[in-house]
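The values are calculated or read from the model by the stated rules, or taken from the named source; none is laboratory data. Not measured: the values here are computed from a predicted model. Every residue, glycine as well, gets a Cβ built from its backbone with ideal geometry; the counts of neighbours run over all protein chains shown. For accessibility, only protein heavy atoms count, side chains too; no ligands or nucleic acids. Shrake-Rupley method; radii C 1.70, N 1.55, O 1.52, S 1.80 Å.
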Amino acid sequence: MLIHATKPLFPWDELEVSPTLATIKEALQSIPDAALLAALNQRRHNGCDTYPVSVLWGVLLLSIILRHTTTEACLEELRRNAPLRLLIGIEGEGAVPNGWNITRFLAVLGQAPYLQLLRDVFNAMVQRLGAAVPDLGRHTAGDSTGLSGRREPDARRRAAEIDDGLPQATGGRKEYKDGEGRVTQVVEWFGYKLHLMVDVTHEVVLSYHISDTTAGDNECIATLVEQAQANVPAARIATLAYDKAADDAKVHETLYEAGIKPLIQNRACWPKDGEQDKVIGGRVPLHVVHDEAGTVYCCDTVSQVPVRRAMSYAGHEKSRGTLKYRCPAVVEGFRCASAKKCNAGKSYGMTVRVPQEIDRRRFPSIPRATPQFERLYKGRTSVERVNERLKVFWGIDDGNVVGARRFNAHVVAVLIVHLAFATLLAKAQRQEGSFGTMTLSPIAKKLRAMLADQAANTT
(Lines give C-alpha, C1' and ligand atoms only; values in the text may rest on other atoms or scores of the structure.)
Protein backbone atom coordinates (compact mmCIF):
# COMPACT_ATOMS: atom_id res chain seq x y z
CA MET A 1 0.00 0.00 0.00
CA LEU A 2 1.63 3.24 -1.22
CA ILE A 3 0.25 6.61 -0.09
CA HIS A 4 1.31 10.10 -1.13
CA ALA A 5 3.12 12.13 1.51
CA THR A 6 0.52 14.92 1.44
CA LYS A 7 -2.31 12.59 2.47
CA PRO A 8 -3.48 12.56 6.14
CA LEU A 9 -2.22 9.91 8.54
CA PHE A 10 -5.38 7.83 8.04
CA PRO A 11 -6.39 8.40 4.39
CA TRP A 12 -9.59 6.33 4.29
CA ASP A 13 -10.17 7.20 0.64
CA GLU A 14 -7.08 5.13 -0.19
CA LEU A 15 -8.67 1.85 0.91
CA GLU A 16 -8.48 -0.69 -1.89
CA VAL A 17 -11.82 -1.91 -3.20
CA SER A 18 -10.14 -5.22 -4.08
CA PRO A 19 -7.16 -5.55 -1.73
CA THR A 20 -4.08 -7.41 -2.93
CA LEU A 21 -2.81 -10.57 -1.29
CA ALA A 22 0.02 -8.57 0.29
CA THR A 23 -2.45 -6.11 1.82
CA ILE A 24 -4.67 -8.93 3.12
CA LYS A 25 -1.66 -10.67 4.65
CA GLU A 26 -0.56 -7.47 6.41
CA ALA A 27 -4.08 -6.87 7.72
CA LEU A 28 -4.34 -10.39 9.16
CA GLN A 29 -0.89 -10.15 10.74
CA SER A 30 -1.78 -6.87 12.46
CA ILE A 31 -4.56 -8.52 14.52
CA PRO A 32 -3.37 -9.70 17.98
CA ASP A 33 -5.63 -12.75 18.15
CA ALA A 34 -3.30 -15.28 19.80
CA ALA A 35 -5.20 -15.37 23.13
CA LEU A 36 -8.55 -15.71 21.36
CA LEU A 37 -7.40 -18.59 19.17
CA ALA A 38 -5.75 -20.32 22.14
CA ALA A 39 -9.01 -20.20 24.09
CA LEU A 40 -11.00 -21.50 21.12
CA ASN A 41 -8.51 -24.34 20.62
CA GLN A 42 -8.75 -25.22 24.31
CA ARG A 43 -12.53 -25.45 23.99
CA ARG A 44 -12.35 -28.14 21.29
CA HIS A 45 -9.22 -29.97 22.48
CA ASN A 46 -11.11 -33.29 22.62
CA GLY A 47 -13.51 -32.63 19.73
CA CYS A 48 -13.41 -32.80 15.97
CA ASP A 49 -10.77 -30.58 14.39
CA THR A 50 -11.64 -31.04 10.71
CA TYR A 51 -11.66 -27.27 10.30
CA PRO A 52 -9.17 -25.60 12.70
CA VAL A 53 -10.40 -22.52 14.55
CA SER A 54 -7.67 -20.46 12.87
CA VAL A 55 -9.21 -21.37 9.50
CA LEU A 56 -12.75 -20.51 10.61
CA TRP A 57 -11.51 -17.21 12.10
CA GLY A 58 -9.64 -16.48 8.89
CA VAL A 59 -12.73 -17.11 6.76
CA LEU A 60 -14.75 -14.71 8.90
CA LEU A 61 -12.13 -11.99 8.56
CA LEU A 62 -11.70 -12.58 4.82
CA SER A 63 -15.42 -12.29 4.17
CA ILE A 64 -15.27 -8.81 5.72
CA ILE A 65 -11.97 -7.74 4.17
CA LEU A 66 -13.03 -8.85 0.69
CA ARG A 67 -16.45 -7.21 1.20
CA HIS A 68 -18.50 -10.28 0.33
CA THR A 69 -22.22 -9.88 0.94
CA THR A 70 -22.51 -13.45 2.21
CA THR A 71 -20.19 -16.02 3.75
CA GLU A 72 -20.98 -18.45 0.91
CA ALA A 73 -19.54 -15.96 -1.60
CA CYS A 74 -16.27 -15.91 0.35
CA LEU A 75 -16.18 -19.72 0.54
CA GLU A 76 -16.72 -19.97 -3.20
CA GLU A 77 -13.76 -17.65 -3.81
CA LEU A 78 -11.61 -19.70 -1.47
CA ARG A 79 -12.43 -22.89 -3.39
CA ARG A 80 -11.12 -21.38 -6.63
CA ASN A 81 -8.32 -19.15 -5.29
CA ALA A 82 -5.38 -21.22 -4.04
CA PRO A 83 -3.11 -18.31 -2.95
CA LEU A 84 -5.95 -16.86 -0.89
CA ARG A 85 -6.54 -20.23 0.76
CA LEU A 86 -2.90 -20.48 1.79
CA LEU A 87 -3.09 -17.11 3.61
CA ILE A 88 -5.35 -18.65 6.25
CA GLY A 89 -3.81 -22.14 6.26
CA ILE A 90 -6.13 -24.05 3.90
CA GLU A 91 -4.04 -26.41 1.80
CA GLY A 92 -6.61 -27.74 -0.65
CA GLU A 93 -10.03 -27.08 -2.10
CA GLY A 94 -11.54 -29.93 -0.11
CA ALA A 95 -10.40 -28.37 3.16
CA VAL A 96 -12.55 -25.26 2.70
CA PRO A 97 -15.24 -25.27 5.42
CA ASN A 98 -18.96 -25.15 4.75
CA GLY A 99 -21.35 -22.31 5.42
CA TRP A 100 -22.86 -23.96 8.49
CA ASN A 101 -19.40 -24.31 10.03
CA ILE A 102 -18.96 -20.53 9.93
CA THR A 103 -22.48 -20.00 11.29
CA ARG A 104 -21.76 -22.25 14.27
CA PHE A 105 -18.38 -20.64 14.76
CA LEU A 106 -20.01 -17.18 14.93
CA ALA A 107 -22.43 -18.46 17.56
CA VAL A 108 -19.48 -19.69 19.65
CA LEU A 109 -17.66 -16.35 19.27
CA GLY A 110 -20.72 -14.60 20.66
CA GLN A 111 -20.61 -16.57 23.92
CA ALA A 112 -18.60 -15.95 27.05
CA PRO A 113 -15.66 -15.81 27.39
CA TYR A 114 -14.92 -15.52 23.66
CA LEU A 115 -16.97 -12.36 23.14
CA GLN A 116 -14.91 -10.67 25.84
CA LEU A 117 -11.72 -11.95 24.19
CA LEU A 118 -12.94 -10.38 20.94
CA ARG A 119 -13.36 -7.09 22.79
CA ASP A 120 -9.85 -7.53 24.19
CA VAL A 121 -8.51 -7.81 20.62
CA PHE A 122 -10.33 -4.58 19.72
CA ASN A 123 -9.01 -2.81 22.83
CA ALA A 124 -5.45 -3.97 22.22
CA MET A 125 -5.51 -2.59 18.66
CA VAL A 126 -6.84 0.80 19.81
CA GLN A 127 -4.25 0.93 22.58
CA ARG A 128 -1.48 0.20 20.08
CA LEU A 129 -2.64 3.02 17.83
CA GLY A 130 -3.02 5.31 20.83
CA ALA A 131 0.56 4.66 21.89
CA ALA A 132 1.88 5.34 18.38
CA VAL A 133 -0.29 8.34 17.39
CA PRO A 134 0.23 11.24 19.85
CA ASP A 135 -3.11 12.98 19.23
CA LEU A 136 -5.39 9.96 18.79
CA GLY A 137 -8.42 10.49 21.01
CA ARG A 138 -7.83 14.15 21.86
CA HIS A 139 -11.02 15.37 20.22
CA THR A 140 -13.79 12.78 20.00
CA ALA A 141 -17.37 12.44 18.78
CA GLY A 142 -20.14 9.99 19.51
CA ASP A 143 -23.34 8.82 17.91
CA SER A 144 -25.55 5.78 17.47
CA THR A 145 -26.83 4.12 14.32
CA GLY A 146 -29.43 1.48 13.62
CA LEU A 147 -28.28 -1.91 12.34
CA SER A 148 -30.55 -4.51 10.80
CA GLY A 149 -30.65 -7.91 12.46
CA ARG A 150 -32.86 -10.90 13.12
CA ARG A 151 -33.71 -12.76 16.29
CA GLU A 152 -32.61 -16.31 17.04
CA PRO A 153 -35.58 -18.48 15.96
CA ASP A 154 -34.86 -21.23 18.50
CA ALA A 155 -36.50 -20.33 21.82
CA ARG A 156 -33.98 -22.25 23.91
CA ARG A 157 -30.97 -20.56 22.34
CA ARG A 158 -32.72 -17.19 22.51
CA ALA A 159 -33.26 -17.68 26.24
CA ALA A 160 -29.55 -18.50 26.61
CA GLU A 161 -28.69 -15.23 24.84
CA ILE A 162 -30.87 -13.29 27.26
CA ASP A 163 -29.18 -15.05 30.19
CA ASP A 164 -25.83 -13.91 28.76
CA GLY A 165 -27.07 -10.31 28.90
CA LEU A 166 -27.12 -9.85 25.14
CA PRO A 167 -29.71 -7.39 23.74
CA GLN A 168 -32.38 -8.82 21.47
CA ALA A 169 -33.39 -7.44 18.09
CA THR A 170 -36.37 -5.08 18.37
CA GLY A 171 -38.16 -2.58 16.21
CA GLY A 172 -36.55 0.85 16.06
CA ARG A 173 -37.90 4.22 14.99
CA LYS A 174 -36.12 7.56 14.69
CA GLU A 175 -37.72 10.88 13.82
CA TYR A 176 -35.87 13.85 12.34
CA LYS A 177 -37.35 17.27 13.07
CA ASP A 178 -36.78 20.76 11.70
CA GLY A 179 -36.12 23.87 13.77
CA GLU A 180 -39.80 24.31 14.52
CA GLY A 181 -40.23 20.78 15.83
CA ARG A 182 -42.04 19.36 12.80
CA VAL A 183 -41.17 15.79 11.77
CA THR A 184 -39.46 15.84 8.38
CA GLN A 185 -38.21 12.26 8.13
CA VAL A 186 -38.92 8.93 9.82
CA VAL A 187 -36.50 5.97 9.76
CA GLU A 188 -37.65 2.53 10.91
CA TRP A 189 -35.68 -0.70 11.18
CA PHE A 190 -35.64 -4.02 13.04
CA GLY A 191 -32.44 -4.95 14.80
CA TYR A 192 -30.03 -3.20 17.15
CA LYS A 193 -28.26 0.08 17.86
CA LEU A 194 -24.50 0.49 17.60
CA HIS A 195 -23.06 3.27 19.75
CA LEU A 196 -19.61 4.53 18.75
CA MET A 197 -17.06 6.96 20.12
CA VAL A 198 -14.50 7.94 17.46
CA ASP A 199 -11.53 10.21 17.02
CA VAL A 200 -12.62 13.35 15.15
CA THR A 201 -9.37 13.98 13.28
CA HIS A 202 -8.48 10.43 12.25
CA GLU A 203 -11.95 8.80 12.16
CA VAL A 204 -10.80 5.77 14.16
CA VAL A 205 -13.23 3.98 16.49
CA LEU A 206 -12.12 4.19 20.14
CA SER A 207 -15.00 2.38 21.85
CA TYR A 208 -18.32 0.75 21.04
CA HIS A 209 -21.50 -0.53 22.67
CA ILE A 210 -24.30 -2.65 21.20
CA SER A 211 -27.83 -2.25 22.57
CA ASP A 212 -31.41 -2.87 21.58
CA THR A 213 -33.29 -0.13 19.76
CA THR A 214 -34.98 1.18 22.92
CA ALA A 215 -31.77 2.28 24.63
CA GLY A 216 -31.19 6.02 24.63
CA ASP A 217 -27.88 7.51 23.56
CA ASN A 218 -27.52 9.26 26.91
CA GLU A 219 -27.72 5.89 28.70
CA CYS A 220 -24.65 4.51 26.91
CA ILE A 221 -22.23 7.44 27.04
CA ALA A 222 -20.72 6.48 30.41
CA THR A 223 -19.84 3.02 29.04
CA LEU A 224 -18.31 4.50 25.88
CA VAL A 225 -16.24 7.03 27.81
CA GLU A 226 -14.95 4.45 30.29
CA GLN A 227 -13.80 2.13 27.51
CA ALA A 228 -12.27 4.93 25.43
CA GLN A 229 -10.33 6.33 28.39
CA ALA A 230 -8.90 2.87 29.06
CA ASN A 231 -7.79 2.57 25.42
CA VAL A 232 -5.86 5.85 25.11
CA PRO A 233 -3.24 7.38 27.42
CA ALA A 234 -4.54 8.99 30.59
CA ALA A 235 -6.08 12.46 30.38
CA ARG A 236 -5.76 12.56 26.59
CA ILE A 237 -9.48 12.91 25.77
CA ALA A 238 -10.24 16.64 25.86
CA THR A 239 -13.66 16.99 24.19
CA LEU A 240 -16.66 14.89 23.22
CA ALA A 241 -19.13 16.11 20.58
CA TYR A 242 -22.63 14.65 20.55
CA ASP A 243 -26.04 15.62 19.24
CA LYS A 244 -29.06 16.63 21.35
CA ALA A 245 -29.75 13.00 22.29
CA ALA A 246 -26.96 13.31 24.89
CA ASP A 247 -28.17 16.58 26.42
CA ASP A 248 -28.81 15.17 29.85
CA ALA A 249 -27.73 16.42 33.29
CA LYS A 250 -26.27 13.02 34.21
CA VAL A 251 -24.21 12.95 31.00
CA HIS A 252 -22.73 16.36 31.76
CA GLU A 253 -21.85 15.27 35.30
CA THR A 254 -20.21 12.10 33.95
CA LEU A 255 -18.09 14.06 31.47
CA TYR A 256 -17.16 16.63 34.12
CA GLU A 257 -15.93 13.89 36.46
CA ALA A 258 -13.97 12.35 33.59
CA GLY A 259 -12.30 15.70 32.77
CA ILE A 260 -13.88 15.85 29.30
CA LYS A 261 -15.40 19.04 27.88
CA PRO A 262 -18.84 18.37 26.38
CA LEU A 263 -19.83 19.71 22.96
CA ILE A 264 -23.53 18.93 23.08
CA GLN A 265 -26.32 20.95 21.53
CA ASN A 266 -29.06 22.01 23.91
CA ARG A 267 -32.53 20.46 23.81
CA ALA A 268 -35.45 22.90 23.94
CA CYS A 269 -37.40 21.99 27.09
CA TRP A 270 -38.66 25.34 28.34
CA PRO A 271 -42.25 26.18 27.35
CA LYS A 272 -42.27 28.60 24.45
CA ASP A 273 -45.01 30.72 26.01
CA GLY A 274 -43.23 30.91 29.36
CA GLU A 275 -40.24 32.84 30.70
CA GLN A 276 -37.38 32.85 28.18
CA ASP A 277 -34.65 34.29 30.43
CA LYS A 278 -33.70 33.51 34.01
CA VAL A 279 -31.65 35.41 36.55
CA ILE A 280 -28.37 33.68 37.36
CA GLY A 281 -28.48 34.73 41.00
CA GLY A 282 -25.85 34.57 43.69
CA ARG A 283 -23.29 37.38 43.44
CA VAL A 284 -24.19 38.00 39.80
CA PRO A 285 -26.16 41.26 39.27
CA LEU A 286 -29.87 40.86 38.71
CA HIS A 287 -29.77 42.46 35.26
CA VAL A 288 -27.49 39.60 34.05
CA VAL A 289 -29.62 36.68 32.82
CA HIS A 290 -29.25 33.49 30.78
CA ASP A 291 -31.41 31.70 28.23
CA GLU A 292 -32.17 27.99 27.92
CA ALA A 293 -28.91 27.23 26.09
CA GLY A 294 -26.82 28.96 28.77
CA THR A 295 -26.00 32.11 26.78
CA VAL A 296 -25.40 34.98 29.23
CA TYR A 297 -26.95 38.41 28.56
CA CYS A 298 -26.86 41.79 30.25
CA CYS A 299 -29.90 44.05 30.12
CA ASP A 300 -29.74 47.81 29.60
CA THR A 301 -32.02 49.05 32.38
CA VAL A 302 -31.50 52.78 31.79
CA SER A 303 -32.97 53.24 28.30
CA GLN A 304 -36.71 53.65 27.92
CA VAL A 305 -36.74 50.52 25.77
CA PRO A 306 -34.64 47.83 27.53
CA VAL A 307 -31.96 46.24 25.34
CA ARG A 308 -30.63 42.73 25.90
CA ARG A 309 -27.06 42.05 24.69
CA ALA A 310 -24.98 38.88 24.80
CA MET A 311 -22.02 39.35 27.11
CA SER A 312 -18.49 38.76 25.79
CA TYR A 313 -17.11 35.37 26.81
CA ALA A 314 -13.69 35.77 28.44
CA GLY A 315 -12.75 32.16 29.16
CA HIS A 316 -13.20 29.14 31.39
CA GLU A 317 -11.56 29.41 34.82
CA LYS A 318 -10.97 25.77 35.66
CA SER A 319 -9.54 26.39 39.12
CA ARG A 320 -12.62 28.38 40.12
CA GLY A 321 -15.11 26.27 38.21
CA THR A 322 -16.57 29.38 36.60
CA LEU A 323 -17.18 30.92 33.18
CA LYS A 324 -15.97 34.50 32.87
CA TYR A 325 -17.89 37.16 30.95
CA ARG A 326 -17.18 40.85 30.31
CA CYS A 327 -19.23 43.90 29.40
CA PRO A 328 -19.86 43.72 25.63
CA ALA A 329 -19.75 47.53 25.27
CA VAL A 330 -16.17 47.68 26.58
CA VAL A 331 -14.97 44.67 24.60
CA GLU A 332 -16.65 45.55 21.30
CA GLY A 333 -16.35 49.34 21.66
CA PHE A 334 -19.92 50.61 21.35
CA ARG A 335 -21.94 53.02 23.49
CA CYS A 336 -24.33 51.67 26.09
CA ALA A 337 -26.73 53.74 28.17
CA SER A 338 -25.99 51.58 31.23
CA ALA A 339 -22.20 52.00 30.97
CA LYS A 340 -21.92 54.45 33.87
CA LYS A 341 -24.09 52.26 36.07
CA CYS A 342 -22.27 49.00 35.28
CA ASN A 343 -18.69 50.09 34.61
CA ALA A 344 -18.19 52.99 37.00
CA GLY A 345 -14.51 53.11 37.95
CA LYS A 346 -13.75 49.88 36.01
CA SER A 347 -11.48 50.29 32.98
CA TYR A 348 -11.83 46.56 32.33
CA GLY A 349 -15.60 46.84 32.43
CA MET A 350 -18.09 44.82 34.45
CA THR A 351 -16.96 41.22 34.93
CA VAL A 352 -19.29 38.36 35.74
CA ARG A 353 -18.26 34.89 36.86
CA VAL A 354 -20.91 32.23 36.42
CA PRO A 355 -20.39 29.12 38.63
CA GLN A 356 -20.79 25.99 36.52
CA GLU A 357 -22.14 24.03 39.48
CA ILE A 358 -25.40 25.99 39.12
CA ASP A 359 -26.22 23.85 36.09
CA ARG A 360 -23.44 22.02 34.23
CA ARG A 361 -25.88 21.28 31.42
CA ARG A 362 -26.49 25.00 30.85
CA PHE A 363 -22.92 26.14 31.53
CA PRO A 364 -20.42 23.64 30.02
CA SER A 365 -16.71 24.39 29.94
CA ILE A 366 -17.01 25.51 26.31
CA PRO A 367 -20.18 27.65 26.10
CA ARG A 368 -22.45 26.97 23.15
CA ALA A 369 -22.60 30.55 21.87
CA THR A 370 -18.87 30.75 21.10
CA PRO A 371 -16.81 30.30 17.92
CA GLN A 372 -14.76 27.58 19.64
CA PHE A 373 -17.88 25.50 20.30
CA GLU A 374 -19.10 25.88 16.71
CA ARG A 375 -15.69 24.92 15.32
CA LEU A 376 -15.23 21.85 17.49
CA TYR A 377 -18.86 20.73 17.19
CA LYS A 378 -18.42 20.37 13.42
CA GLY A 379 -16.20 17.38 14.21
CA ARG A 380 -19.33 15.41 15.10
CA THR A 381 -19.79 14.63 11.40
CA SER A 382 -16.74 12.34 11.62
CA VAL A 383 -18.73 9.65 13.45
CA GLU A 384 -21.39 9.78 10.73
CA ARG A 385 -18.71 9.11 8.10
CA VAL A 386 -17.41 6.19 10.17
CA ASN A 387 -20.92 4.76 10.42
CA GLU A 388 -21.40 5.00 6.66
CA ARG A 389 -18.02 3.38 6.06
CA LEU A 390 -18.91 0.47 8.33
CA LYS A 391 -22.31 0.07 6.70
CA VAL A 392 -21.54 0.64 3.03
CA PHE A 393 -17.91 -0.45 2.68
CA TRP A 394 -17.78 -3.36 5.13
CA GLY A 395 -21.46 -4.35 5.14
CA ILE A 396 -22.13 -4.27 8.87
CA ASP A 397 -25.80 -3.48 8.13
CA ASP A 398 -26.56 -6.24 5.63
CA GLY A 399 -29.08 -7.87 7.96
CA ASN A 400 -27.96 -11.41 7.13
CA VAL A 401 -26.87 -12.34 10.66
CA VAL A 402 -29.39 -14.26 12.79
CA GLY A 403 -29.27 -14.26 16.57
CA ALA A 404 -27.76 -11.90 19.15
CA ARG A 405 -24.63 -14.03 19.67
CA ARG A 406 -23.76 -14.12 15.98
CA PHE A 407 -24.64 -10.45 15.54
CA ASN A 408 -22.39 -9.27 18.37
CA ALA A 409 -19.48 -11.40 17.16
CA HIS A 410 -19.91 -10.19 13.58
CA VAL A 411 -20.03 -6.50 14.59
CA VAL A 412 -16.86 -6.77 16.68
CA ALA A 413 -15.12 -8.63 13.83
CA VAL A 414 -15.97 -5.76 11.46
CA LEU A 415 -14.61 -3.23 13.98
CA ILE A 416 -11.41 -5.29 14.28
CA VAL A 417 -11.02 -5.22 10.48
CA HIS A 418 -11.59 -1.44 10.62
CA LEU A 419 -8.70 -1.12 13.09
CA ALA A 420 -6.52 -3.50 11.05
CA PHE A 421 -6.82 -1.25 8.02
CA ALA A 422 -6.30 1.82 10.19
CA THR A 423 -3.01 0.26 11.30
CA LEU A 424 -2.04 -0.43 7.68
CA LEU A 425 -2.83 3.13 6.62
CA ALA A 426 -0.82 4.62 9.47
CA LYS A 427 2.27 2.46 8.90
CA ALA A 428 2.25 2.62 5.10
CA GLN A 429 5.17 4.06 3.18
CA ARG A 430 4.73 7.56 1.81
CA GLN A 431 5.89 8.67 -1.62
CA GLU A 432 6.66 12.22 -2.74
CA GLY A 433 6.35 11.78 -6.48
CA SER A 434 8.78 9.00 -7.38
CA PHE A 435 9.37 5.51 -6.07
CA GLY A 436 12.96 6.43 -5.19
CA THR A 437 11.85 8.81 -2.47
CA MET A 438 9.86 6.49 -0.19
CA THR A 439 9.74 7.55 3.46
CA LEU A 440 8.42 6.27 6.77
CA SER A 441 6.97 8.69 9.30
CA PRO A 442 7.93 8.36 12.99
CA ILE A 443 4.45 6.94 13.65
CA ALA A 444 4.88 4.34 10.87
CA LYS A 445 8.27 3.32 12.27
CA LYS A 446 6.82 2.94 15.77
CA LEU A 447 3.88 0.86 14.53
CA ARG A 448 6.16 -1.41 12.52
CA ALA A 449 8.32 -1.98 15.60
CA MET A 450 5.24 -2.77 17.71
CA LEU A 451 3.94 -5.22 15.12
CA ALA A 452 7.35 -6.89 14.96
CA ASP A 453 7.29 -7.31 18.75
CA GLN A 454 3.77 -8.79 18.51
CA ALA A 455 4.94 -11.31 15.89
CA ALA A 456 7.96 -12.26 17.99
CA ASN A 457 5.84 -12.80 21.11
CA THR A 458 3.34 -14.90 19.17
CA THR A 459 6.02 -17.24 17.83
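So, of the residues in the range 349-378 that are assigned to a helix (DSSP H, G or I) and farther than 19 Å from residue 256 by Cα, which turns out to be least open to solvent (accessible area, probe 1.4 Å)? Residue satisfying both the conditions and the ranking: 374.
Within the range 295-313, the only residue that satisfies the criterion of being in a loop (DSSP other than H, G, I, E, B), open to solvent by less than 30 Å² (accessible area, probe 1.4 Å) and not hydrophobic (A, V, I, L, M, F, W, C) is 295.
Filtering the range 71-117 to residues that are farther than 19 Å from residue 408 by Cβ and part of a loop (DSSP other than H, G, I, E, B) leaves 81, 88, 89, 90, 91, 92, 96, 97, 98.
Within the range 185-201, the set of residues being touching a residue at least 12 places away in the same chain (Cβ under 8 Å) and either of a type in the set (D, E, K, R) or open to solvent by 20 Å² or more (accessible area, probe 1.4 Å) (or both) comprises 186, 187, 188, 189, 190, 193, 199, 200, 201.
Filtered by the rule that a residue be crowded, with 19+ Cβ neighbours inside 10 Å and in a helix (DSSP H, G or I), the range 21-42 gives 24, 26, 27, 36, 40. Annotation note: of 257, 292, the sole residue that is open to solvent by 80 Å² or more (accessible area, probe 1.4 Å) and either at pLDDT 90 or above or in a loop (DSSP other than H, G, I, E, B) (or both) is 257.
Yes or no, residue by residue, for (1) open to solvent by 70 Å² or more (accessible area, probe 1.4 Å); (2) touching a residue at least 12 places away in the same chain (Cβ under 8 Å); (3) closer than 30 Å to residue 234 by Cα:
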position	(1), (2), (3)
127	yes, yes, yes
131	no, yes, yes
135	no, yes, yes
140	no, yes, yes
150	yes, yes, no
154	no, no, no
171	no, yes, no
183	yes, no, no
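The residue that is farthest from residue 256 (Cα to Cα), counting only those in the range 318-348 that are touching a residue at least 24 places away in the same chain (Cβ under 8 Å) and open to solvent by 40 Å² or more (accessible area, probe 1.4 Å), is 337.
Considered as a group, the residues in the range 44-64 that are open to solvent by less than 60 Å² (accessible area, probe 1.4 Å) and part of a loop (DSSP other than H, G, I, E, B) include one that is nearest to residue 33 (Cα to Cα), and that residue is 52.
Taken together, the residues in the range 65-88 that are open to solvent by 30 Å² or more (accessible area, probe 1.4 Å) and in contact with a Ser or Thr (Cβ under 6 Å, 6 or more places away or on another chain) amount to 1. Checking 122, 105 one by one, the residue that is closer than 22 Å to residue 397 by Cα and within 25 Å of the chain's Cα centre (by Cα) is 122 and no other.
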